[in-house]
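Presented below is the structure to which this report refers.
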Amino acid sequence: MKLKTLATILTLSSGALFAQTVDVKDAWARATVPGQKATGAFMKLTAKEGTKLVAISSPVAGVGEVHEMKMEGDVMKMRAVTGGLDLPAGKAVELKPGGYHVMLMDLKSTLQKDTTIALTLVFKDAKGVETKTEIQVPVSMAAPGAKAADMPAMDHSKHKM
């Protein structure tokens, strides 16, 4: 199942109407087990004009952040992205296991496979105008259309706040 959402956000600012378009494709969140307090959400974002993803929230989590995983020497490190994630005009930015991704922490309940969760994405354009969109994201063990064996493991159960 492919999820394709075209999010067009209209913002009223200084009496003028601005439209910002961010295409959200292949969004999904990883299912959790009872007691697990964090998980990842993944998607492809393409902005019509240069913008930044500056915040994420969901009613299922106390905290939502964009994180980056990257190799430093022989060690894979994960850290929150500060200042927002750049979305260059017309270029797809993939949030995926093992790279940039959304961290949902302080989960309020178990995320069960074959359900959906709401995510609110907040964007800021070059002029500093913030817009947001809400999407419904399927919960799965692996990306839609991918085999679980093809997906890198991400153990967020030990993630501390």
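The values are calculated or read from the model by the stated rules, or taken from the named source; none is laboratory data. In this text the structure is predicted, and so the values were computed from the model without any measurement. Don't worry about glycine lacking a Cβ; one is built from the backbone with ideal geometry, like all the others, and counts go over all protein chains shown.
Of the residues in the range 72-82, not one is part of a strand (DSSP E or B) and either at pLDDT 95 or above or touching a Ser or Thr at 6+ places or on another chain (Cβ under 7 Å) (or both). Residues that are surrounded by 15 or more Cβ atoms within 10 Å (Cβ to Cβ) and among the small types (Gly, Ala, Ser) were ranked within the range 63-97; the one that is nearest to SER140 (Cα to Cα) is GLY64. Do we have any residue at all in the range 97-104 that's out of contact with any Phe, Trp or Tyr (no Cβ under 8 Å at 6 or more places or on another chain), assigned to a strand (DSSP E or B) and modelled with pLDDT of 95 or more? Yes, there is a match, as at least one residue in the range 97-104 is out of contact with any Phe, Trp or Tyr (no Cβ under 8 Å at 6 or more places or on another chain), assigned to a strand (DSSP E or B) and modelled with pLDDT of 95 or more. Among LYS52, LYS132, LYS127, LYS44, which is under 29 Å from THR21 (Cβ atoms), at pLDDT below 95, charged (D, E, K, R) and surrounded by 13 or more Cβ atoms within 10 Å (Cβ to Cβ)? Going through LYS52, LYS132, LYS127, LYS44 in turn, the sole match is LYS132.
Within the range 62-96, restricting attention to residues that are more than 13 Å from the chain's Cα centre (by Cα) and of a type in the set (A, V, I, L, M, F, W, C), the residue that is nearest to ASP23 (Cα to Cα) is ALA92.
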